[in-house]
Amino acid sequence: MADTKYIFVTGGVSSSLGKGIIAASLAKLLQARGFKATIQKLDPYINVDPGTLNPYEHGECYVTEDGAETDLDLGHYERFLNVNTSQANNVTTGRIYQSVIEKERRGEFLGKTVQVVPHITNEIKERIQILGQNNEYDIVITEIGGTVGDIESLPYIEAVRQLKWELGDDNALVIHLTLVPYLSAAGELKTKPTQHSVKTLMESGIKADILVCRTEHELSDDIRRKLAIFCNVRQEAVIQSIDAPTIYDVPNMMLKEGLDTVVLKKLALPDDTTPNLERWNQFLKRHKNPKAEVHIGLIGKYVELQDSYKSILEAFIHAGAENEVYVNVEYIHSEFINDSTIHNKISHLDGVLVAPGFGERGIEGKIDAVRYARENGLPFLGICLGMQMAVIEFSRNVLQLKGANSTEMDPETKHPVIDLMEAQKEVTHKGGTMRLGSWDCELREGSIIHEVYGKDEIKERHRHRYEYNNKYKEQLENAGMLSTGINPETGLVEIVELKDHPWFVGVQYHPEYKSTVASPHPLFVSFVKATHEHSVKHKNAKMAQK
Ligand code: GLN
């Protein structure tokens, strides 16, 4: 196909309307019609990337194959589309300014005054168009973070205005996502906030081509007509996005509303295909018709904000569907786990996942949870910090190395079974300096993990500074904690598992980032299967007792 087309998604009225899910759903429909589509997120904050943000700020930091620390919306894009994103798919104001300032320092602006317009806006336009280079994609969808009217968003909106003008009508369009609130006292849906936000967009010179309206109630024809006439869009371009039981329903809902058809028409693209959503709908059917239920404890310290563990929760949804079981995730705050509470909090579960994390807070509770899972044959998955806690627990309670710890938590520990990686020792800057992105790992034949993946070598994504200390490897191995995955270049231990346990695996990497609807992650699939087997065994044992 000829030149790449661009779709911009802006948001109005309120934040958290789900621009990312709408963008991902549209991309899914276009992909299902045979178009090559990608999505990009522009974030208006000054952090160069979200890697330095506390999960309470914007939720989980998602990591791509190429090691970019990105917004969690990129996770949705990958899960929906089953294609990799990269650093180019997430750009922040911090990164834009950093790059413009570096150019200024190199003298690239030849003595000119460097300004928001045109220098910042040009940089934004370049970053958007990078994805359209080489005609790799037919369609690039760019989501502008924040809400129209925010001071921070202005340069992005101006860049979109200019690009839309430069590209021409058939090559670019703007979808504006708004809220149509329901006033229960009046018993009515209200269009005024949407009218105002469309007007705000107009003040910046942008006319919305399509309105996607978040609503709790069906939009009547009258409301649609009203929105169309006052917001200056065609009535078919008023798309209802009603609250859905699951985000995975949204592509079908958008299909029913004809979002993809309106987009193709507006971009002068052929509309002679029907989206092939067979695999997607197979997944949905299994997801919605589970044959059993399992309870898995997610032990972490950011449990108050579910977005902190977004990819893990979604990976459970994919793996649950694959196993035809409903995964009931129970959030357990690691700070509240101790000797007297542990039985109450964990004994009814079918499995335990100890989550990734940083810093000392709540780690003793995580260690207690690992111990419970190890001693009671409860399926266990430890991810990153969770794997490190498994090594510490085993060192303390099986090897009897008193005070064994990670030097992240106790720099003076006598037994640093988890220690700072050699490559990290000279690092002083926090941003973008961890061991990031995809690394190779060789699996030991005959191990659980080898069976899980069904191959000898894998690639998984990382985000950490500390590692398994190889000085303790022999002792750990001899006592039954096997290191069954090793990085072939560096010898770093990436996976541990227990010899005498039904299913106990700790991984230094983050399998959750690579789980998608089309390709649920094998480690989660196997873990959920083990928890299901555990629950069946448990139920049978209880019945026998009666
Ligand atoms: N804090 C640990 C480290 O830096 C684990 C990081 C993580 O769980 N992502 O090694």
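We did not get these values from a lab; they are worked out from the coordinates using the rules stated. For clarity, every value in this text was computed on a predicted model and none was experimentally measured. As a convention, Cβ positions derive from the backbone with ideal geometry for all residues, glycine included, and neighbour counts pool all protein chains shown.
For a protection proxy built on the mean count of beta-carbon atoms within 10 angstrom, sort 19-29, 435-445, 170-180 highest first, please.
So the order, starting with the most tightly packed, is 19-29, 170-180, 435-445.
Excluding same-chain residues fewer than 8 positions from residue 291, which aspartates and glutamates have a Cα within less than 12 Å of its Cα?
Partners found: 322, 324.
If R0 is 30 Å, what FRET efficiency do you get for residue 407 and residue 455 from their C-beta distance, rounded to 0.05?
0.35
Enter the angle in degrees (range 0 to 90, nearest 10) between the Cα long axis of helix 154-167 and the first principal axis of the Cα atoms of the chain, meaning the one along which they spread out most.
60 degrees
Report the extension gain between residue 479 and residue 98 in nm, rounded to one decimal, defined as 0.36 nm multiplied by the number of residues separating them, less their alpha carbon distance.
132.1 nm
Take each of the peptides 112-119, 312-319, 515-522, average the number of other beta-carbon atoms within 10 Å over its residues, and list them starting from the highest.
The most tightly packed comes first, giving 312-319, 515-522, 112-119.
Go ahead and run the numbers for FRET between residue 188 and residue 471, Cβ-Cβ distance against an R0 of 51 Å, rounding to 0.05.
0.15
What is the gain in length, in nm to one decimal, between residue 427 and residue 273 on full extension, counting 0.36 nm per residue of separation less the C-alpha to C-alpha distance?
50.2 nm
Go through 403-416, 95-108, 365-378 and give me the packing order, highest mean Cβ count within 10 Å leading.
For the peptides 403-416, 95-108, 365-378, the packing ranking is 365-378, 403-416, 95-108.
Hey, rough spin-label estimate for residue 348 and residue 243, points 7 angstrom out along Cα→Cβ, what's it come to in nanometres?
2.6 nm
How big is the gap, in Å, between the Cα center of segment 287-352 and the Cα center of segment 63-123?
One Cα centre to the other: 35 Å.
Just want to confirm a number: the relative contact order over the chain, from Cα pairs under 8 angstrom separated by 6+ residues, in percent.
15 percent
Calculate, axis by axis, the spread of Cα positions in the chain along the three principal axes, and write the results as whole Å, longest axis first.
72, 68, 46
What is the list of residues in segment 60-77 whose amide nitrogen lies under 20 Å from a point 7 angstrom out from the Cα of residue 306, following Cα to Cβ?
In segment 60-77, the label zone of residue 306 (backbone N under 20 Å from the point 7 Å along Cα→Cβ) covers 60-62, 72-77.
Given points 7 Å out from each Cα along the Cα-Cβ axis, report the residue 228 to residue 328 separation in nanometres with one decimal.
4.6 nm
Hey, which lysines would be in cross-link range of residue 345, C-alpha to C-alpha under 16 Å, not counting anything within fewer than 8 residues on its own chain?
By straight Cα distance, residue 345 reaches 301, 366.
Rounded to the nearest 500, what is the chain's calculated 222 nm mean residue ellipticity when only DSSP H runs of at least 4 contribute -39500 (n - 2.57) each, over all residues?
-11000 deg cm²/dmol
Determine the relative contact order of segment 1-97: mean sequence separation of Cα pairs under 8 Å and six or more apart, normalised by residue count, in whole percent.
31 percent
Kindly provide the pair-distance distribution of segment 310-400 built from C-alpha pairs, with 5 Å bins from 0 and whole-percent values in order of increasing distance.
Each 5 Å bin holds this share of Cα pairs: 3, 13, 24, 25, 19, 10, 5, 1, 0.
Describe numerically, in nm with one decimal, the distance between label points set 7 Å from Cα along Cα→Cβ at residue 489 and at residue 15.
3.8 nm
Expected output is a single nm value to one decimal: the length gained when fully extending between residue 150 and residue 126, i.e. 0.36 nm times separation in residues minus the C-alpha distance. What is it?
Result: 6.4 nm gained on full extension.
For segment 488-546, calculate the relative contact order in percent as a whole number, restricting contacts to Cα pairs under 8 Å that are 6 or more residues apart.
Relative contact order of segment 488-546: 20 percent.
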